[in-house]
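The values are calculated or read from the model by the stated rules, or taken from the named source; none is laboratory data. Keep in mind the model is a prediction, meaning the values are calculated, not measured. Counting neighbours? That spans all protein chains shown, and the Cβs are built from the backbone with ideal geometry, glycine included. We work out accessible area using only protein heavy atoms, side chains counted, and drop any ligands, DNA or RNA first. Shrake-Rupley method; radii C 1.70, N 1.55, O 1.52, S 1.80 Å.
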Amino acid sequence: MTWSRARRRDAQPREAVRPATATAAKTRPAHPAVRALAMLAAFAGTVLFSVVLARLTLEPSAASAALVHSNLRPGRSIDDYLEHAPALEAARQLGGNLLLGVPFGVLLPVLLPPARGLLRVAAVTVCLMTLVELVQGALVTGRVFDIDDVILNTAGALLGYLFIGLRLGRAVHPRRRHWWHRRPS
């Protein structure tokens, strides 16, 4: 290294180094008691959500009784609701499926830090909701497998993740630059 390069590198203002330490302060983990309470609340929310999910999806539905076949073509039942159902029923079915996915996007980043990330939340939600749809289609009279429900649930999970889960997950489990770096103290 020549003398002129060394002088240029040393001539950089010290303010350029400060933003890196300012961002490190933002990613400092929450107090352990706050993290424990957040994890406990997320676990309780998951249990409550599981009960609600089971009640909504694993009981026979009068609205679904007329359907006698599964929907494997994306968009078909959404179009049917938008074109043929009353507006209130369409809003209830489509909005309900969107809202049913929101807790996944909020709770997954808190309970499972490796599941943080838009694609990971989508993948976990698709897998879990496909399993729920398969179980309800196979075991519950008056219920069928509907790929549009999986799509709407996943969209709801992504919305929940983008609006709440991303920030909540980072607050409880701060991000590290690389896996081999130590957690900030």
| Excluding ligands, DNA and RNA, what is the solvent-accessible area per residue of region 95-172 at a probe of 1.4 Å, expressed in Å²? | 45
| Between residue 91 and residue 40, how many nm apart are label points set 7 Å from Cα along the C-beta direction? | 3.9
| query | Between residue 84 and residue 167, what FRET efficiency follows from the Cβ-Cβ distance if R0 is 35 Å, with the result rounded to 0.05? | reply | 0.35
